[in-house]
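This report refers to the structure that appears directly beneath it.
The values are calculated or read from the model by the stated rules, or taken from the named source; none is laboratory data. Everything quoted here is computed from the prediction, not taken from an experiment. Quick reminder, even Gly has a Cβ in these numbers, built from the backbone with ideal geometry, and neighbours come from all protein chains shown. These accessible areas exclude ligands, DNA and RNA; they are computed on the full protein's heavy atoms, side chains included. Shrake-Rupley method; radii C 1.70, N 1.55, O 1.52, S 1.80 Å.
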Amino acid sequence: MSISTKLERIGQVTSKYFVVWVLVVSGVALYTPDAFTPIADYITPLLGIIMLGMGLTLTPADFRRIIERPRDVLIGAMAQWLVMPLLAYVLVAALGLPWEIGVGLILVGAAPGGTASNVMTYLGRGDVALSVTITSLTTVAAPLVMPAWVVLLAGESITVTFAEMAGSIVQIVLVPVVAGLVLRYVLDRKAPSVAELGLSIFPAISVIAIVAIVAAVVGLNVENIRTASAIVFLAVVLHNGLGLGAGYGIGQLAGMREDRARACAFEVGLQNSGLAVALAVSFFEPAAALIPALFSVWHNVSGPALATLFTRIDGEPVTEYEPAIASD
């Protein structure tokens, strides 16, 4: 058996049991958090590696199609901006959450799309280029959109530094993705066999990186997770699940191609909960960080689960994923 075949099989097994790895490692981190908290210092480079892998799946043609049809970008961004904040407000009221905790759900709902949405779109065979574009747009607009929603829904004003958010999206998403795109372009012309091998094994590398990040998040928030009530968990699960469903439904109703509807689902349902945690700690009571912390863990369970469902519907192993190139 060749090395490339072995690597492909390892990648298939790793990706197939994605949700299992997340759940197992999360459970272990709850009981031995100190073993995983040091990973927190490496979350940014781990995300960079994931983004590099996604960049390898892209070609210039992917972005040309988006430029030719900006409608889907605007629909996805508008859905993300409107659905999650309004869902958060309704759930806080309907579930009777204490306001010092409920404001955390408002922060999650008002947050821009997170890098997890790009990763899950990648693993679920969605349109990665569309996902990255929507994430970039919502993040750049976040300094205006996020405070506006919090003022409207929570009655509190916050200050978000545009430079910090813009710098974060450039470092974590845009630079690695562009690097991967350029590398794919060069390899396709100089070493196509290497490019093919990279596409086979990088999903597995992404899975390992995501599992490590989840372990770090759980380790850092053990006390918050252990003290959370059932109603708080329910709020997180409903917010995330309804967002995923609404995003996919909006994509279908808008006549998007299947891969783009999947991207819309992940963009709407998966938020930048890390940013919400930071803002909760900085501007509100410590309890406000509880829901964003739980969301960080939960969407790394629900996201892989939905990605796995999509790939099973397609009937192909995730490690063989390549972006669809059908014309609109």
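Only protein heavy atoms count here; under a 1.4 Å probe, Phe283 has an accessible surface of about 90 Å². A 1.4 Å probe, protein heavy atoms only, puts the accessible area of Thr139 near 10 Å².
The listed residues Glu196, Glu267, Glu258, once ranked by accessible area (1.4 Å probe) with the largest placed first, stand as Glu196, Glu258, Glu267.
Label-to-label distance, Val175 versus Leu197, with points set 7 angstrom from Cα along the beta-carbon direction: 2.8 nm.
Largest to smallest in accessible area, the residues Asp41, Asp72 fall in the order Asp41, Asp72 (1.4 Å probe, all protein chains included). With the whole protein complex present, Glu68 retains an accessible surface near 140 Å², based on a 1.4 Å probe.
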